[in-house]
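The values are calculated or read from the model by the stated rules, or taken from the named source; none is laboratory data. Since we're looking at a predicted model, the values are computed, not measured. Cβ atoms come from the backbone with ideal geometry, glycine included; neighbour counts cover every protein chain shown. SASA here: full protein model, heavy atoms, side chains in, ligands and nucleic acids out. Shrake-Rupley method; radii C 1.70, N 1.55, O 1.52, S 1.80 Å.
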Amino acid sequence: IRGGQASDIREHPWQAAITVYLPRAKSYNFLCGGVLIDSCWILSAAHCFQERCDKCNIMVLGRTFRLQNSSSEQIFDVEKYWIHEQYDDETYDNDIALLKLKSEVGMCAIHSPEVLPACLPEPNLALPDWTECEISGYGKEEEFSPFYSERIKRGLVRLWPQEQCVPEKLAGRLVTPNMLCAGDTRGLDDACKGDSGGPLVCPKNGRMTLMGLISWGDGCGKKDTPGVYTRVTNYTNWISSKIRAN
Ligand code: 4AZ
């Protein structure tokens, strides 16, 4: 997260950190953010899984510090993941993936103050333009920083009107109806590299509801440049049918 502030996992208990184990290097590498939506199910961004490495993803829940063991953490292997059938790796259209955590007993994450699923929106939920929402993640604090953030951060961004979410604001790149734009009107807080797949949550009837998945942008925190998010309302049927079938 560019800008924003240091936070605590209890403020974002649905935040997941996805790590990949590289068997040849015998090393664990931080990959992306994710969002817990049910005991055994995580949403993330499809583009995080382009280097096919089946069964080498590890899900870390409940940590305020990305690399620090904590008594509140819950760690799972990923049993399987599904990338959206219409995901386009050039435009990042349909940048959504669903991951199933591995468990012997049909239950995975246990609710705690540090680990709790996010609410999914109704498919027709449309919030007012400029609604203030929240993003979180362990991603970089500057576009060209060599490091990811060690502590989870939060940023405040507002939902842009779709008619202003256009290529002219985003280095000429295509924007589709499956994307939404959000940005800090002061031009500071924004998602950045490593935050991808993590949550954009917005208040709806007193609950934080998952409206977006961090997807892409033109740099991080540039003035008058929004971040681009996968529009979660367009996928509620896709998500529930996959969970039902698996
Ligand atoms: C990235 O590289 C990335 N400012 C994610 C979000 C944004 C920029 C880059 C939005 O994962």
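Modelled spin-label separation between A245 and L22, with each label point placed 7 Å from Cα along the Cα-to-Cβ direction: 3.4 nm.
State to the nearest 20 debye the size of the charge dipole of the chain about its Cα centre, where the only charges are +1 on K and R beta carbons and -1 on D and E beta carbons. Show your work: numbers first, answer last.
Numbers: 27 positive and 32 negative charges, 102 e Å.
That gives a dipole near 500 debye.
Sorting 185-193, 66-74 by average packing, meaning the other beta carbons within 10 Å per residue, from highest down gives 185-193, 66-74. Each Lys and Arg Cβ is given +1 and each Asp and Glu Cβ -1; about its Cα centre, the range 80-155 then shows a dipole of about 560 debye.
Taking the alpha carbon gyration tensor of the range 1-45, multiplying each eigenvalue by 5 and rooting it gives semi-axes of 23, 16, 9 Å, largest first.
How large is Rg over Rh for the range 118-220, taking Rg from the Cα atoms and Rh as the Kirkwood inverse mean of 1/r across Cα pairs? Mind dumping the intermediate values first?
Working: Rg = 13.5 Å, Rh = 14.2 Å.
Looking at the range 118-220, the ratio lands at 0.95.
Calculate, in nm to one decimal, what W238 and D8 gain on full extension: separation in residues at 0.36 nm each, minus their alpha carbon distance. Separation in residues times 0.36 nm, less the Cα-Cα distance, equals 79.7 nm.
Per residue, how much accessible surface does the range 159-246 expose to a 1.4 Å probe? Answer in Å², no decimals.
On the way: 3710 Å² over 88 residues.
Solvent-accessible surface per residue comes out at 42 Å².
Taking only the alpha-carbon positions of the range 34-147 and ignoring solvent, what does the Debye formula give for the base-10 log of I(q)/I(0) at q = 0.19, 0.21 Å⁻¹? Listed by q, the Debye log ratios stand at -1.28, -1.41. Share of carbon and sulfur in the accessible area of the chain stands at 49%, probe radius 1.4 Å.
Computed from Cα atoms, the angle from the helix 236-245 axis to the main principal axis of the chain rounds to 10 degrees.
Report the semi-axes of the equivalent ellipsoid for the chain in whole Å, largest first, where each axis is √(5λ) for an eigenvalue λ of the Cα gyration tensor. Please list the in-between numbers first.
Working: eigenvalues 128, 78, 66 Å².
Semi-axis lengths for the chain are 25, 20, 18 Å.
The value given for the range 22-81 is a Kirkwood hydrodynamic radius of 12.7 Å, derived from the mean inverse Cα-Cα separation.
Relative contact order of the range 24-123: what whole-number percent is it, with Cα pairs under 8 angstrom and at least 6 residues apart?
Across the range 24-123, relative contact order equals 33 percent.
Overall, the range 117-192 carries a charge dipole of about 120 debye about its Cα centre when +1 sits on the Cβ of Lys and Arg and -1 on the Cβ of Asp and Glu, all other atoms neutral.
When only alpha carbons of the range 101-163 are considered, Rg and Dmax amount to 16.7, 47 Å. The alpha-carbon atoms of the range 73-127 define a convex hull whose volume equals 159 cubic angstrom per residue. Measuring between their Cα centroids, the range 1-77 and the range 195-222 lie 16 Å from each other.
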